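Okay, so here's the structure we're looking at.
The numbers here are math on the coordinates, done by the rules we state, and not lab data. This one's a predicted model, so the numbers in the text were calculated from it and none came from an experiment. Reconstructed Cβ throughout: ideal geometry from the backbone, glycine too, with neighbour counts over all protein chains shown.
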Amino acid sequence: MTPSPTALPVPDELLPDAPLVWAALQTAGWSAAALDDLLGVGARAHLDRDELAPLLRRTEGGSPLEVLARLFVLGTEVDLKQARKAGVPETWLVPDGYGVGAAVRLQPVVHGGVEVLVAHDPARAATRTRPEQVLGVGAASLTLAAATPRASVGRTLDLGTGSGIQALLADDHSDRVVATDANPRAAAYTRLSAALAGRDVEARVGDLLEPVSGETYDLVVSNPPFVIGPGNGYVYRDAGLDGDELCRRLVQQVPSVLAPGGHAVLLANWLHVAGEDGDARVQSWFGEDVDGWVVQRELAAPEDYVTAWLRDTDEGDRFDELYDAWLDWFALRDVEAVAFGVLAVRQGGTGRVHLDDAPQPVAATWGEQVPLFFPRQDALDRGVLTRAWRLRDDVRLHQVAQRSDEGWLADSQLLQQESGLRWSGGVDVYGATLLAGCDGTRPLGDLLSVLASSAGISDDDAAEQVLPVVERLVQQGFLVP
């Protein structure tokens, strides 16, 4: 069956000819870099604003790559003869005006040096999102990809796979990948994307952990439908549970499928309610047999939160009505703010949960910090003085100096990480001197004694001044075991 222009495609029906499409893409020289050269690096911004004219001008030559870009990226019509010449099977085409269009869209994504191709439903910025629609790769997907550890593992679970982007990326460093979603169309798209590039991903349909009951995984990643609000109209974002219950339930249940020492990385929203501690709320979700790390990336006022999500689905003339209803819903629950962040879980812990407020720009990939974070907390529990610490290689010390009669006098000093979460923080001259000696060969207590002697103060006074700073630097990964 060939879908009509107004119907959403049936991904499973496109699966048999996926190898033909992949061959056509490869013959035309399709890649993320080639498309950037063809369309320009600002192509995504043009597409988000529905500005097709600049992209149509850049693809008017009729080459196979230009034809494929018009079909699968721009979502515009081409002549049937052009599509055939480019190698696109007619099962992947639909009537569109006086020509043909593509049944689906294809989005190349490069992350951490790995390139994958994500198939998803057609969508235009000016067209309202449909309830069961499977969207392409957006900001939330990239946030989770950035926070995912990429060390080689045996088994990875992508829970709530959506377009399949996390599963496709995980295939590069996993012996086996299982992807699940409550939306059958999402699972079907994951199978389609995997088939296009010959990747080995098993896609299952079911709610939360039901499809993998009784199994264990070394790594679990999840971009669940975490949006908090009164509706359940959009499968990709609305769980249909009250408040932040979906995220709470997921954090509590995911340890049951984690192998010993395994890690889970999840995206979540959680509420800050009047009279409650929002930080304590999310920390309470973690069980006593796991350790947790909450990296809060945003804290939005209800009106800003609602506006962002209504724009995401382009509600148009329904905006005012839905805005008021959503804000009223928050007001009834005394919601003061909605937090967004990354939640990391380590199986086999003691119930220790640490929260970091990290609104700063972070590296495009920082997932390597997840498995390193928990051993640092273990080391902190054992005390920092007897351990030899090493200053991380990417840490830089920035100084601001003022001119004086004796030359330049350092006025302030700032430590800055160039990778990972890119923490930064001030440090005094004593702290900077101590850190310079942290090369992993001498215990911190010995270095502290040398510092105290040079400053003319007792070891106890030096420890009182410096230890809180050192503990923070270990917490944030400036100093590593």
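General observations
- Karplus (6.51, -1.76, 1.60) ³J(HN,Hα), θ = phi - 60°, over segment 296-312, in Hz, Gly and Pro reported as x: 7, 9, 8, 9, 10, 5, x, 5, 6, 4, 5, 4, 4, 6, 5, 5, 4
- Over segment 397-481 - Rg/Rh using Cα atoms and the Kirkwood inverse-distance radius: 0.99
- P(r) tail fraction, segment 209-296 - alpha-carbon pairs more than 23 Å apart, %: 26 percent
- Note that the chain carries a Kirkwood radius of 24.9 Å, evaluated over its alpha carbons pair by pair.
- For peptides 316-329, 68-81, sequence by mean Cβ density within 10 Å, most packed first: 68-81, 316-329
- Neighbourhood net charge (10 Å Cβ-Cβ; Lys/Arg +1, Asp/Glu -1) for Ala182: -3
- Cα-based radius of gyration of segment 367-414 once divided by 2.2 N^0.38 Å, which approximates compact folds: 1.81
- Burial ranking of peptide ranges 397-404, 34-41 (average Cβ count within 10 Å, highest at the top): 34-41, 397-404
- Over all directions, the projected convex hull of the C-alpha atoms in segment 54-119 averages 4.9 nm² in area.
- Placed amide H near Leu93: partners under 5 Å, 5+ positions off or other chain: Ala103
- Note, ³J(HN,Hα) from phi for segment 467-476, Karplus 6.51, -1.76, 1.60, rounded to Hz, x at Gly and Pro: 4, x, 5, 4, 4, 5, 5, 5, 4, 8
- Segments 280-290, 407-417 sorted - mean Cβ within 10 Å per residue, highest first: 280-290, 407-417
- Hull-based mean projected area of segment 50-90, where the convex hull spans the alpha carbons, in square nanometres: 2.7 nm²
- Cα centroid separation, segment 440-481 to segment 16-33 (Å): 57 Å
- Three-way shape label, segment 402-450, alpha-carbon gyration tensor, a/c 1.5: oblate
- Calculated from backbone phi, Karplus (6.51, -1.76, 1.60) coupling profile of segment 24-38 in Hz, x at Gly/Pro: 5, 4, 5, 4, 7, x, 5, 6, 4, 5, 5, 5, 4, 5, 6
- Normalising the Debye intensity of segment 224-350 to I(0), with uniform scatterers on Cα atoms only, and taking log10 at q = 0.12, 0.15, 0.21, 0.23 Å⁻¹ returns -0.47, -0.71, -1.20, -1.37.
- Shape call, segment 1-142: gyration tensor on alpha carbons, a/c limit 1.5: rounded
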